[in-house]
Amino acid sequence: MLAADLSPVSLTVKVDIAVLIVRDGSGGLRPLTDKDKREIAVTARKVLSADRHPELTFAATDFDASPDGTGGTITGTLTLAGQSRPQQLQVTQVAPERYLATTTVRQTDFGIKPYSGFLGALKVSDPVDVEVELNLGNAAEPEPPD
């Protein structure tokens with residue numbers, strides 16, 4: 001939702017955990033195959049308790065635009081695996097009506113034990129970098145509540 005000066009007034013994001021995909025992995029002995037990525041996504045849904053907490057939510061509480069108006073910081077509350085914590089997103093404009101939001105989520109802050117497999121040979125670090133691409137060109141203004 002936007003104010004008259006086009007600054008954001010509110011933002012709530014809901015993500016279905018079941019549709020998360022793995023795009024990239026680093027630090028391994030070999031690049032991830034498509035099969036590896038699918039298996040990691042299945043494991044991630046288990047680790048995130050998607051059956052009990054199928055949705056991730058972020059509700060913004062503050063917007064701090066960069067001086068040039070091409071991004072800024074969004075502060076809010078992230079709810080993941082049934083636990084809520086403060087979270088900041090760094091937002092940059094990458095093209096007209098297209099933005100990239102980045103943040104780092106520390107799994108243990110949300111009661112999640114970082115994944116480890118193959119007797120500890122494969123580990124996911126506690127802090128996980130998250131990138132979200134937004135295309136506002138396709139966004140529609142939500143209908144006001146009745």
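The values are calculated or read from the model by the stated rules, or taken from the named source; none is laboratory data. Note that this is a predicted model, so its numbers are computed, not measured. Virtual Cβ from ideal backbone geometry, glycine too; neighbours counted across all protein chains shown.
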Residues located in the range 28-80, provided they are closer than 25 Å to residue 12 by Cβ and among the acidic types (Asp, Glu): 51, 55, 62, 64
Those strands (runs of 3 or more DSSP E) lying entirely in the range 1-112 with at least 3 residues acidic (Asp, Glu): 55-65
Whichever residue in the range 26-69 is of a type in the set (A, V, I, L, M, F, W, C) and exposed (fewer than 13 other Cβ atoms within 10 Å of the Cβ) and, among such residues, is nearest to the chain's Cα centre (by Cα): 42
Residues that are among the basic types (Lys, Arg) and without any contact (Cβ under 8 Å) to a residue 40 or more places away in the chain, drawn from the range 13-61: 23, 30, 35, 37, 38, 45, 46, 52
Which numbered condition residue 57 fails, given (1) modelled with pLDDT of 85 or more; (2) of a type outside the set (Asp, Glu); (3) more than 22 Å from residue 108 (Cα to Cα): (3)
